[in-house]
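*Asks:* Take this structure first; my questions come after.
Please treat every number below as a calculation from the coordinates, not as lab data. Quick caveat, the model's predicted, so the values are computed rather than measured. Cβ: placed from backbone, ideal geometry, glycine included. Neighbour counts: every protein chain shown.
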Amino acid sequence: MTPDDCILIAGAGPVGMTTALALAKAGIPVKLFDSLDHIPADHRASTLHPSSLMMVEDLGMTEKLLPRGIESPMFQFRDRVSDRIVVEFDYRDIADELTYPYALQVEQHKTIEVAWEIAREIDCFELIREREVIGVIQDDDGVKITVQAPDGSTETHTGRYLVGADGGRSIVRKALDIDFPGFTWEERFIIVSTYYDFEEAAGYRYRNYVAHPERWCAMIKVPGDESEGVWRALFPAFGNDPDEEVLSDEWIQARFAECYPYDPPYDLLHRNLYSVHQRVAATFAKGRVALAGDAAHVNNPLGGMGMNSGIHDGLNVAKKLEAAWHGGDHEALLARYDRQRRPMAEKYVQAQSINNKRMLQETDPKIREERLNELQQTRNDPDSNRAYLRRSSLVQMVEEADSIQ
């Protein structure tokens, strides 16, 4: 194969778009493919952690993102059984380590839009929409992908390398026959949004986690389309209730009445029901192909780890491919990418998101109280508080990954 002089990327979500931007800013030609004809304004990821804001600063993204988001220095844990605020953590406690001592609440599509607005001004960046990657072949010289248009027609493109950022059902990962071990949570998750102001009504912060043995929940605030402020509630849906029932006004209002009984019924803006998986690919790289984001690892949304760790993947592999582009050993570089990022997905992203969920849903009253008390003790001890905030902001994960040779 004689590949075109470019790097191919499958998937123009936040991970694929930021990866493409990083490569293009380094002067490397990029062809980015996506199956959709637009950036979907769906209710997915909505938090950029302090570490991510620092990492995308060099791409010119952070200064454009800040006016579009809500700064959230504090996040809160509550217990519904005792109806109390258990603890509040504050990123400003480690402001000496953070350029931005807060998480930025900003919808995923705005992160994609900002990266695209910068990338489209770079000559070596090309975005090809309505083209879904359906096949991957590689040899010692390059990678060839087959993409399909909406009318069923296909075409092929070649490049030196390929980044698969095409989501949890990644065709790239499947084409390379990379295992994706893990599990699927028994319950489904439903996200519902409303304009009701929970900060004013009950002292909620912009990120909140509410423990309960049966009906735990979470609440975050995002800017909304016109910066009007929208609150998103996350509820678990247990049992075999059909999707249409769980998505009904009656079911949703009953969950609000249980978890947020301040002024129901609430005006409901959007709702989204989905299954949740915890999986990590057996390898993040094979030959001239690397996986990043959900194509490499998926997790539950508690803690906002998915999009952030995916962006970290993308920026890491972009550096490796930049070195390979200029003559470095791509096999050694991508093997290092795998050594750096795959253990981080297991140690931080998977472990922390699973622990967050298990703490919120603990059924044993004694154990739940012990875990909530441990959170209080962590917050009250300066060293433990700093360590906790370094983990939750993913600063520690970035440092640890970079230290791996």
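*Asks:* So how far apart, in nm, are the two label points at V81 and S227 if each is 7 Å from Cα heading toward Cβ?
*Replies:* With each label placed 7 Å out from Cα toward Cβ, I get 4.3 nm.
*Asks:* A follow-up question, please. What is the percent of Cα-Cα separations in the range 205-343 that go past 20 Å? Each step should come with its number before you reach the end.
*Replies:* Values: 5782 of 9591 pairs.
Across the range 205-343, Cα pairs with separations above 20 Å total 60 percent.
*Asks:* A further question follows. Considering the Cα trace of the range 29-160, what is its radius of gyration and what is Dmax, both in angstroms?
*Replies:* Computed over the Cα atoms of the range 29-160, radius of gyration and Dmax are 20.3, 63 Å.
*Asks:* For the chain, give me every cysteine whose Cβ has no other Cys Cβ within less than 4.7 Å, ordered by residue number.
*Replies:* Singleton cysteines: C6, C124.
*Asks:* Another question, then. Identify the residues of the range 198-219 with backbone N under 15 Å of a label point that sits 7 angstrom from the Cα of E71 along the Cα-to-Cβ direction, or state none.
*Replies:* Under cut-off, by backbone N: 206.
*Asks:* Measure off 7 Å from each Cα along the Cα-to-Cβ vector at K347 and E399, then give the distance between these two points in nanometres to one decimal.
*Replies:* Modelled inter-label distance: 1.2 nm.
*Asks:* Moving on to the next point. Mind ordering 285-295, 29-39 by average Cβ neighbours within 10 Å, highest first?
*Replies:* Numbers: 285-295: 27.2, 29-39: 19.3.
Final packing ranking: 285-295, 29-39.
*Asks:* Would you mind computing Rg(Cα) / (2.2 N^0.38 Å) for the range 295-405, counting N as its residues? Before the final figure, lay out the partial values.
*Replies:* On the way: Rg = 17.1 Å, N = 111, 2.2 N^0.38 = 13.2 Å.
Normalised by 2.2 N^0.38 Å, the Cα Rg of the range 295-405 equals 1.30.
*Asks:* Give, in nm to one decimal, the length gained when the segment between E369 and E88 is fully stretched (0.36 nm per residue of separation minus the Cα-Cα distance).
*Replies:* Result for the pair: 99.5 nm of gain on full extension.
*Asks:* Would you mind checking the tilt of helix 249-259 against the longest principal axis of the Cα atoms of the chain, expressed as 0 to 90 degrees and rounded to 10?
*Replies:* 60
*Asks:* Over 24 Å between Cα atoms, which of K110/K174; K31/K144; K31/K174 qualify?
*Replies:* On the way: K110/K174 29 Å; K31/K144 12 Å; K31/K174 21 Å.
Where the Cα-Cα span goes over 24 Å, the pairs concerned are K110/K174.
*Asks:* Running Debye on the chain with equal point scatterers at the Cα sites and no solvent, what base-10 log of I(q)/I(0) appears at q = 0.11, 0.13 Å⁻¹?
*Replies:* For the requested q values the scattering log ratios are -0.81, -1.11.
*Asks:* Still on this model: Would you compute, from DSSP H runs of 4+ residues alone, the mean residue ellipticity of the chain at 222 nm, taking -39500 (n - 2.57) per run and dividing by the full residue count, rounded to the nearest 500? Spell out each step's value before the answer.
*Replies:* Numbers: 14 runs with 140 residues, N = 405.
Mean residue ellipticity at 222 nm (helix-derived): -10000 deg cm²/dmol.
*Asks:* Using only the Cα atoms of the range 78-232, what semi-axes does the equivalent ellipsoid have when each is the square root of 5 times a gyration tensor eigenvalue? Give whole Å, largest first. Write out the running numbers ahead of the final one.
*Replies:* Details: eigenvalues 333, 93, 60 Å².
That gives 41, 22, 17 Å for the three semi-axes.
*Asks:* Where in the range 148-178 does the label zone of E130 land, with the point 7 angstrom along Cα→C-beta and an amide N cut-off under 17 Å?
*Replies:* 148-156
*Asks:* Sticking with this structure for a sec: Provide, as a two-decimal number, the C-alpha radius of gyration of the range 188-275 over 2.2 N^0.38 Å, N being how many residues it has.
*Replies:* In units of the globular-protein estimate, the range 188-275 measures up at 1.03.
*Asks:* While we're here: Multiplying the sequence separation of Y274 and E155 by 0.36 nm and subtracting their Cα-Cα distance, what value in nm do you get? Intermediate values should be presented prior to the final figure.
*Replies:* On the way: separation 119, 0.36 × 119 = 42.84 nm, distance 3.24 nm.
Stretched fully, the Y274-E155 segment lengthens by 39.6 nm.
*Asks:* What fraction of the Cα pairs in the range 56-113, stated in percent, has a spacing above 19 angstrom? Let's see the in-between values first.
*Replies:* Details: 738 of 1653 pairs.
Above the 19 Å cut-off, the range 56-113 has 45 percent of its Cα pairs.
*Asks:* Moving on to the next point. Could you work out the equivalent-ellipsoid semi-axes for the range 87-138, taking the square root of 5 times each eigenvalue of the Cα gyration tensor, largest first, in whole Å?
*Replies:* On the way: eigenvalues 262, 49, 31 Å².
Gyration-tensor ellipsoid for the range 87-138: 36, 16, 12 Å.
*Asks:* Could you calculate, for the range 286-339, the ratio of the Cα radius of gyration to the Kirkwood radius, expressed as Rg to Rh? Walk me through the intermediate numbers first.
*Replies:* Working: Rg = 12.3 Å, Rh = 11.7 Å.
Here Rg/Rh amounts to 1.05.
*Asks:* A further question on this structure: Sum up the lysine pairs in the range 307-405 that clear both bars: alpha-carbon distance under 24 Å and a spacing of 8 or more or different chains. It would help to have the intermediate numbers written out before the result.
*Replies:* Numbers: K319/K347; K320/K347; K347/K357; K357/K366.
Lysine pair count for the range 307-405: 4.
*Asks:* About the Cα centre of the range 20-110, how large is the charge dipole given +1 on each Lys and Arg Cβ and -1 on each Asp and Glu Cβ? Please answer in debye to the nearest 20.
*Replies:* Numbers: 10 positive and 15 negative charges, 57 e Å.
Computed about the Cα centre, the dipole is about 280 debye.
*Asks:* So, counting K/R as plus one and D/E as minus one, what does the shell of residues with Cβ under 14 Å around C124 add up to?
*Replies:* Working: positive: K25, K31, R120, R160; negative: D4, D5, E121, D123, E126, E322.
Charge balance near C124 sits at -2.
*Asks:* How far is the Cα center of the range 224-292 from the Cα center of the range 43-92, in Å?
*Replies:* One Cα centre to the other: 18 Å.
*Asks:* Which part of the range 34-53 falls in the paramagnetic zone of D243, meaning amide N under 11 Å from the point 7 Å along Cα-to-beta-carbon?
*Replies:* Counting backbone N atoms under 11 Å from the label point, the list is empty.
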